[in-house]
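Just below is one structure, and these are the notes that go with it.
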Amino acid sequence: MKISKKQWQWIFYDWANSGYGILVITAVLPVYFKAVAQDSGVSAANSTAYWGYANSFGTLIVSLLAPLLGALADYPRSKRRWLNVFTWAGIILTFGLALLPPHLWQLLLWVYIFSVIGYSGGNLFYDSFLTDVADDHQMDLVSSTGYGMGYLGGVLAFIIFLVAQLSHGFGGLLSNYGVARFSFVIAAVWWIIFAWPLLRHGHQRYSVDAVTNPVRDSLHRLRVTFTHIRQYRQVTYFLIAYFFYIDGVDTIFTMATAIGKDLGVDTTMLMLVLLVVQLIAFPFSLLYGWLARWTSTRAAVLTGICVYLFISLYALRLNSLFDFWFLAILIGTSQGGLQALSRSYFGQLVPKESSSEFFGFYNILGKFSAILGPVIVGAVTQWTGKSTIGVASLAILFTIGLIFFLMLPKLEQD
């Protein structure tokens with residue numbers, strides 16, 4: 001099946017913001033924040049907890065806005081406009097992370113929180129564009145290719161950072177903190193360059209009828225959808241399942257490097273582990289798309305949930321570098337594929353003309369779940385003093401998600 005030009009434009013947005021995903025959310029900023037916070041007298045456990053709370057607060061704001069923003073984007077020519085607003089906000093604030101002096105660790109967290117809002121809000125409109133660029137029978141392929149290319153783009157952005165890190169700041173031109181701040185510049189520039197085709201040319205194929213007061217009409221549509229949500233039985237079951245299992249996925253993603261530091265893994269090794277995870281995730285995201293075509297989207301999603309359930313339980317015995325590598329590789333095999341096929345499964349369930357509105361609910365549940373997970377990990381870590389127990393506590397979320405997803409049928413096109 002050939003991928004069209006407009007689908008490649010959509011796919012490369014995933015490539016574009018992957019630099020932010022790996023450098024800011026996962027690899028560099030968590031380590032950088034822990035370092036500057038501890039320089040200011042904050043304990044290791046508390047800095048891990050503060051990082052979790054910051055991620056929770058940022059996603060809470062996006063969650064509250066997501067349904068309304070999604071409904072607003074369903075009007076003609078609105079989706080690309082809102083995508084631009086949130087994407088440029090995220091890019092500018094990512095540059096801001098690079099400009100802040102290291103001792104302002106509290107302000108660093110606030111700038112990060114609002115950059116997450118830009119990043120997550122942009123992803124809402126990007127996700128909903130899937131229904132505009134791909135028909136139902138193409139969605140698994142296009143969505144999984146997007147995630148796969150996103151991981152490959154993240155690897156290339158990460159390699160640029162690693163060159164700076166391993167060359168000791170290009171032969172001393174940058175300090176250790178300077179290398180970290182340089183990575184935030186990489187993330188922002190990467191985002192601008194590769195998001196531009198979709199930001200400039202993204203075409204909205206489906207929309208609701210234009211109205212004179214979009215805000216009032218969007219609120220009315222949301223009330224109607226929410227009131228009659230039981231009419232969309234499969235959508236409801238999916239969203240409940242997604243709420244729980246994606247919570248664990250996102251939490252492991254955002255807390256991984258902080259947990260690695262708590263285990264005593266040095267920064268260079270952490271960066272190498274993350275690079276390998278990205279390299280593994282690229283082909284495995286495409287493999288999940290193949291698995292969905294040869295079995296079903298449902299079976300492939302269930303496989304990913306089960307892998308993550310095992311990861312969370314295995315964390316109880318996480319006490320060596322080998323264990324950390326083992327879990328990192330497992331995460332790489334399933335993270336992209338599970339998220340990609342969740343997106344395409346949902347895209348095939350919802351009415352196309354209201355896709356942004358429904359993806360607003362998709363995002364609010366995904367983001368609200370991401371509030372719960374980091375808080376659970378942060379609280380359990382503070383209570384027990386062991387971040388591994390905090391990760392293991394996520395098993396209950398994967399179990400609940402698995403139970404609800406089992407209630408869903410195979411799709412007609414599977």
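The values are calculated or read from the model by the stated rules, or taken from the named source; none is laboratory data. Since the structure is predicted, the reported quantities are computational estimates derived from the model, not experimental observations. Here Cβ is always computed from backbone atoms with ideal geometry, including for glycine, and neighbour counts include all displayed protein chains.
Looking at the structure I just gave you, is ALA66 touching a Gly at 6+ places or on another chain (Cβ under 8 Å), more than 30 Å from PHE161 (Cα to Cα) and part of a helix (DSSP H, G or I)?
The answer is yes for ALA66.
With (1) of a type in the set (Gly, Ala, Ser); (2) surrounded by fewer than 23 Cβ atoms within 10 Å (Cβ to Cβ); (3) over 22 Å from PRO102 (Cβ atoms) as the list, and SER167 as the residue in question, which single condition is left unmet?
It fails just one condition, (3).
When you scan the range 296-322, how many residues do you find that are more than 22 Å from THR399 (Cβ to Cβ) and without any contact (Cβ under 8 Å) to a residue 60 or more places away in the chain?
Residues meeting the conditions: 3.
Quick one: in the range 24-44, which of the residues that are among the hydroxyl-bearing types (Ser, Thr, Tyr) and part of a helix (DSSP H, G or I) is nearest to TYR119 (Cα to Cα)?
Among those residues, the one meeting the criterion is THR26.
For the range 73-94, which positions are surrounded by fewer than 21 Cβ atoms within 10 Å (Cβ to Cβ) and out of contact with any Ser or Thr (no Cβ under 9 Å at 6 or more places or on another chain)?
Selection gives ARG80, ARG81, ASN84, VAL85, TRP88.
Give me the residue from the range 292-310 that is in a helix (DSSP H, G or I) and β-branched (Val, Ile, Thr) and, out of that set, farthest from GLY401 (Cα to Cα).
Among those that are in a helix (DSSP H, G or I) and β-branched (Val, Ile, Thr), it is THR297.
Looking at PHE398, PHE368, PHE361, which is the one that is aromatic (Phe, Trp, Tyr), assigned to a helix (DSSP H, G or I) and at pLDDT below 75?
Selected residue: PHE368, the only one of PHE398, PHE368, PHE361 that is aromatic (Phe, Trp, Tyr), assigned to a helix (DSSP H, G or I) and at pLDDT below 75.
One line per residue, one yes/no per condition, for (1) surrounded by fewer than 21 Cβ atoms within 10 Å (Cβ to Cβ); (2) modelled with pLDDT under 85; (3) under 23 Å from VAL273 (Cα atoms); (4) not hydrophobic (A, V, I, L, M, F, W, C):
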{"site": "SER115", "(1), (2), (3), (4)": "no, no, no, yes"}
{"site": "GLY118", "(1), (2), (3), (4)": "no, no, no, yes"}
{"site": "PHE125", "(1), (2), (3), (4)": "no, no, no, no"}
{"site": "GLY150", "(1), (2), (3), (4)": "no, no, yes, yes"}
{"site": "ILE160", "(1), (2), (3), (4)": "yes, no, yes, no"}
{"site": "GLY172", "(1), (2), (3), (4)": "yes, yes, no, yes"}
{"site": "SER183", "(1), (2), (3), (4)": "no, no, yes, yes"}
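All but one of (1) assigned to a helix (DSSP H, G or I); (2) farther than 22 Å from MET271 by Cα hold for PRO101; which doesn't?
(1)
ALA241 versus (1) under 30 Å from PHE405 (Cα atoms); (2) without any contact (Cβ under 8 Å) to a residue 12 or more places away in the chain: which is the lone unmet condition?
(2)
Quick one: is VAL179 in contact (Cβ under 8 Å) with a residue 60 or more places away in the chain, β-branched (Val, Ile, Thr) and either touching a Phe, Trp or Tyr at 6+ places or on another chain (Cβ under 9 Å) or closer than 23 Å to VAL36 by Cβ (or both)?
No; evaluated as a whole, the condition is false for this residue.
Is it true that some residue in the range 66-80 is within 30 Å of ILE280 (Cα to Cα) and modelled with pLDDT of 90 or more?
No, there is no match, as no residue in the range 66-80 is within 30 Å of ILE280 (Cα to Cα) and modelled with pLDDT of 90 or more.
For the range 245-273, which positions are part of a loop (DSSP other than H, G, I, E, B) and closer than 19 Å to ALA49 by Cα?
LEU263, GLY264, VAL265
Conditions: (1) surrounded by fewer than 24 Cβ atoms within 10 Å (Cβ to Cβ); (2) in contact with a Gly (Cβ under 9 Å, 6 or more places away or on another chain); (3) hydroxyl-bearing (Ser, Thr, Tyr). TYR13 meets all but one. Number of the miss?
(1)
Can you name the residue in the range 240-273 that is at pLDDT 80 or above and of a type in the set (Phe, Trp, Tyr) and is also farthest from ALA45 (Cα to Cα) among such residues?
The qualifying residue farthest from ALA45 (Cα to Cα) is TYR242.
Which of (1) touching a helix residue (DSSP H, G or I) at 6+ places or on another chain (Cβ under 7 Å); (2) of a type outside the set (Asp, Glu); (3) surrounded by fewer than 20 Cβ atoms within 10 Å (Cβ to Cβ) is the odd one out, the single condition GLY41 does not satisfy?
All conditions are met except number (1).
For the range 135-244, list the helices (runs of 4 or more DSSP H) that sit wholly inside it and hold at least 1 residues that are in contact with a Lys or Arg (Cβ under 9 Å, 6 or more places away or on another chain); which are they?
Per the criteria, 139-166, 176-201.
For LEU104, which of the numbered conditions (1) more than 20 Å from the chain's Cα centre (by Cα); (2) in contact (Cβ under 8 Å) with a residue 12 or more places away in the chain fails to hold?
Among (1) more than 20 Å from the chain's Cα centre (by Cα); (2) in contact (Cβ under 8 Å) with a residue 12 or more places away in the chain, the lone unmet condition for LEU104 is (2).
State all residues of the range 305-333 that are crowded, with 20+ Cβ neighbours inside 10 Å, among the small types (Gly, Ala, Ser) and over 14 Å from ILE280 (Cβ atoms); if no residue qualifies, say none.
Residues satisfying the conditions are SER312, ALA315.
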